[in-house]
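To start, the structure under review is shown below, and the notes come after it.
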Amino acid sequence: MPDSDGSIAVLVLAAGQGTRMKSSRSKVLHEIAGRPMLDYPVTLAEALAPEQLIVVIGRDAEEVEAAFAGRASFALQAEQKGTAHAVQTALPSLAGFQGDVLVLYGDTPLLRAESVARLIDLKADTGAPLAMLTSPEPLPGLVVRDAEGRVERIVEKTDATAEQLASLREGNTGVYLVDMEFLTKALSQLDDRNEQGELYLTDIVAIARAQGLAVEAIQMGSAEEALGVNNRAELARASAVQRARNADRLMAEGVTFIDPAASYVDTGVEIGPDTLIEPGVTITGNTRIGSECHIKPHCVIESSQIGDGCVIGPSAHVRPGCRLADGVRLGNYVEVKNSDLGPGVKADHLSYVGDADVGAGSSFGCGSITVNYDWTDKHRTTVGERVRIGCNVNLVAPVDLEDDSFVAAGTTVTKTVESDDIAVSTGRQRNLAGWGAKRRARLAARPGTTPEDPGSQQG
């Protein structure tokens, strides 16, 4: 058999029905650490710069194709008749291709690039027409080796003898790297005479061995790489593994997590060194956090950019589209949305800043809010530099507060506040002398009420 030309094509099988997910959408579109499950094998494949990247789709084909348009080509497996049938569906797209074909799976998101690299090296070094990745723990398919340790065949657990079940510990992951020429011939020799009436890709192992061809195998570094996601429990397990990997990567880059298992960080989040992440923090989407920040417990940060030296929380919410410059401080129960906050801006507690552009050094008092919605449209608030906003203030957008302006506590601002002016909309305070004594007298006059117990009639 002639050697391949060194090029590679990748098939990602993602056509399954996913019935055990009990979901109204395709299994491979369910998210793991902020990305669709299918994104992981597709991203891994893209890193190989393959000559072709083909995703075999079935259920909810239009939605899956729309989600990954421009990143792969697609082959439709309209009727699911097994893994080998899925590969056959993609063969017309590989017409004329002479390299190696790597088979991945849309519901096996934890496979590491390092394992695939080792598989590619193994096949190149041995010249075998078929090389496969195996798991150090049993899977539904078990690897049978001969006395010399060479792969002989794959046996399904349901067909295995008691002795095989007791002795075979190596699992078949289904991740194969195979010569295109051999793959085409082997697929033509398969039959569906089995209980499920399907064509199994695993059978090409036995075909290769029957023809006296070598089948090489190399184990993954960890069994978790082979975790297939078929139900919600496995989805949660895979998500936990991926989040742990994300935290490990960030810790290796100088980020401190008080408790990595109690922090929820999406794949792709970037955090600078010497930033401290406390428990209960959720960081999602395309978020970038700078160096030497402190993210206190129970904060949520979504698709936002945060500069160096910021202090967030506890229990603050940075919603999508925010850009926080260096040294911003957001305190307890502060919510910021779609806003640009300049260097050193402070909102220490119980405030809402939405659709706002805030200049350097400005501050928001407790309970101050931007009133950005008029029941039809969202409007922006512009706050200049060094503006002081008191407690319980309403900034009714669109409105401008110029540099070095002030807003008194309890004020509702509806028009521009010019530099060095203070906005005051509250009325003059008036104290009613003796009001308490008069109230007590009224209560005492009620039946069943005494002056010593003025609240006895209150519910």
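Computed from the coordinates by the stated procedures, all read-outs in this text should not be read as laboratory data. All values reported here derive from a predicted model rather than from experimental measurement. Cβ sites come from the backbone with ideal geometry, for glycine too, and all protein chains shown count toward neighbours.
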Taking r as the C-beta separation of residue 79 and residue 259 and R0 as 30 Å, the FRET efficiency to the nearest 0.05 is 0.05
Starting at the first residue of the range 273-284, write each ³J(HN,Hα) from the Karplus equation 6.51 cos²θ - 1.76 cosθ + 1.60 with θ = phi - 60°, in whole Hz, x for Gly and Pro. x, 6, 8, 10, 10, 8, x, x, 7, 10, 10, 10
Just the Kirkwood number for the chain, please: inverse of mean 1/r across all distinct Cα pairs, in Å, one decimal. 26.6 Å
State the three equivalent ellipsoid semi-axes of the range 8-226, derived from the C-alpha gyration tensor as the square roots of 5 times its eigenvalues, in descending order and whole Å. 26, 20, 18
Please compute the Cα-Cα pair-distance distribution of the range 194-282 with 5 Å bins starting at 0, giving whole percents from short to long. 3, 11, 15, 14, 11, 12, 8, 7, 7, 7, 4, 1
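Using only C-alpha atoms and all pairs of different ones, pull out the Kirkwood radius for the range 119-227 in Å with one decimal.
Result for the range 119-227, one decimal place: 14.3 Å.
Mind checking the dipole of the chain: about its Cα centre, +1 per Lys or Arg Cβ, -1 per Asp or Glu Cβ, Debye to the nearest 20? Could the numbers behind the result be given before it?
Numbers: 43 positive and 63 negative charges, 513 e Å.
The calculated dipole for the chain is roughly 2460 debye.
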How much of the pair distance distribution for the range 326-421 lies past 24 Å, counting alpha-carbon pairs only, in percent? 8 percent
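How compact is the range 249-423 by the rule of thumb for globular proteins, expressed as Cα Rg over 2.2 N^0.38 Å?
1.03
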HN-Hα J couplings of the range 361-375 from phi, Karplus 6.51/-1.76/1.60, θ = phi - 60°, integer Hz, Gly and Pro as x? x, 7, 9, 10, x, 4, x, 7, 9, 9, 8, 9, 10, 10, 6
Any chance you could check the Cα centroid distance between the range 329-368 and the range 90-145 for me, in angstrom? 51 Å
Using amide H atoms built in the peptide plane, which far-off residues or other-chain residues are under 5 Å from residue 306 H to H? 288, 289, 290, 324
What's the magnitude of the charge dipole for the range 8-226 around its Cα centre, counting Lys and Arg as +1 and Asp and Glu as -1 at the beta-carbon? Answer in Debye, nearest 20. 240 debye
Calculate the length of the line joining the C-alpha centroid of the range 21-61 to that of the range 421-439, in whole Å. 64 Å
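Would you mind getting me the FRET efficiency between residue 232 and residue 425? Use the beta-carbon distance for r and R0 = 51 Å, nearest 0.05. The partial results should precede the final answer.
Values: r = 53 Å, r/R0 = 1.03.
So, using R0 = 51 Å, E works out to roughly 0.45.
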Mind ranking 303-313, 138-148 by how tightly packed they are, going by the mean number of other C-beta atoms within 10 angstrom, highest first? 303-313, 138-148
Selection from 80, 239, 311 lying farthest towards where the dipole of the chain points positive, charges on Cβ: 311
Karplus-derived 3J(HN,Hα) from phi for the range 399-407 (6.51 cos²θ - 1.76 cosθ + 1.60, θ = phi - 60°), whole Hz, x at Gly and Pro, runs 7, 10, 10, 6, 3, 6, 8, 9, 10
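Defining a contact as two alpha carbons under 8 Å apart and six or more residues distant in sequence, what relative contact order in percent does the chain show?
Details: 1117 pairs, mean separation 37.3, N = 459.
Contact order relative to length: 8 percent.
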If you keep only loop residues by DSSP, which GluC sites (Glu not before Pro) in the range 60-143 have at most 11 other Cβ atoms within 10 Å of their Cβ? 79
Near residue 185, which lysines are there with a Cα under 30 Å away, not counting those fewer than 8 places off in the same chain? 81, 123, 157
Alpha carbon convex hull of the range 52-170, volume per residue in cubic angstrom: 141 Å³
On C-alpha positions alone, give me the angle between the axis of helix 113-126 and the longest principal axis of the chain, in degrees, nearest 10. 20 degrees
For a quick check: with amide H placed at 1.01 Å from N, whose amide H comes under 5 Å from residue 331's, ignoring anything fewer than 5 positions away on the same chain? 313, 347, 348, 349
